[in-house]
Amino acid sequence: MTGKPVDPTDTVRPTPPTPLIPTPTTGVTTAQDAGTHQGQDQEPEQDPAPLVDRTFAMRFTSTPRGARLARRLTAVRLDTWGIPYGTGAHDEIVLIVAELTANAVVHGHVPGRDFHLRVHAPADGRTIRVEVSDARAERAPRSPAGDPETTGTGTEEASGGRGLLLVSRLAARWDWCPRPGAPGKTVWAEYAMAVR
């Protein structure tokens, strides 16, 4: 059997089975024979590719090495989802992941606690949502306002970082919320995919 291994985090809409038509000689027809008994010389029409809702989620050590690994694994996953290396969408989503994970390491680090990355691609293909959760709720970024120049925390700007300014320019929208079911916060960004 050839093909790529199935990713357990990907969900696929099931396709209906091909109807079988009995043959006059044996009374048994395979799906392969179904098209020829209908007077067709070609294969029966296939359904378009099924709509797939995809999610990549993993916990990483709250270190620069963990942030680099999160960025690299996201790049590989996007490529397998059909957002290939070298495209603007791929590079910009990976840059958003890089900035949010770096912020989690620098501004959300608690010794012994990891950060969690979740990248979600809904089946409609319109957006890619990136969520990075860390354990520090008291160091939350300032929620985005109408003026992207005011976005960011004082501690981030004091250390020379402009990560959230970059995220605000690349993402259609971003914000943060308290981490559900655990201490800390989740910073998220939604990237709008170009219409094909």
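Odds and ends about this structure:
- When we screen 137, 172 for residues that are open to solvent by 20 Å² or more (accessible area, probe 1.4 Å) and modelled with pLDDT of 95 or more, the only hit is 172.
- Lone qualifier among 196, 129, 142 - being open to solvent by 20 Å² or more (accessible area, probe 1.4 Å), at pLDDT 75 or above, among the charged types (D, E, K, R) and farther than 19 Å from residue 74 by Cβ: 142
- Tally of residues being touching a residue at least 24 places away in the same chain (Cβ under 8 Å) and either open to solvent by 50 Å² or more (accessible area, probe 1.4 Å) or under 16 Å from residue 134 (Cα atoms) (or both) across the stretch 175-193: 13
- Within the stretch 175-193, restricting attention to residues that are in a loop (DSSP other than H, G, I, E, B) and aliphatic (A, V, I, L, M), the residue that is modelled with the highest pLDDT is 193.
- The stretch 58-73 - residue that is closer than 12 Å to residue 102 by Cα and basic (Lys, Arg) and, of those, surrounded by the most Cβ atoms within 10 Å (Cβ to Cβ): 71
- Residue count for the stretch 73-115 satisfying the condition of being in contact (Cβ under 8 Å) with a residue 60 or more places away in the chain and in a strand (DSSP E or B): 0.
- Residues in the stretch 107-126 that are crowded, with 18+ Cβ neighbours inside 10 Å and of a type in the set (A, V, I, L, M, F, W, C) were compared, and the one that is farthest from residue 82 (Cα to Cα) is 115.
- Taken together, 51, 73 contain a single residue that is at pLDDT below 95 and more than 24 Å from residue 178 (Cβ to Cβ), which is 51.
The values are calculated or read from the model by the stated rules, or taken from the named source; none is laboratory data. Quick caveat, the model's predicted, so the values are computed rather than measured. Here Cβ is always computed from backbone atoms with ideal geometry, including for glycine, and neighbour counts include all displayed protein chains. SASA here: full protein model, heavy atoms, side chains in, ligands and nucleic acids out. Shrake-Rupley method; radii C 1.70, N 1.55, O 1.52, S 1.80 Å.
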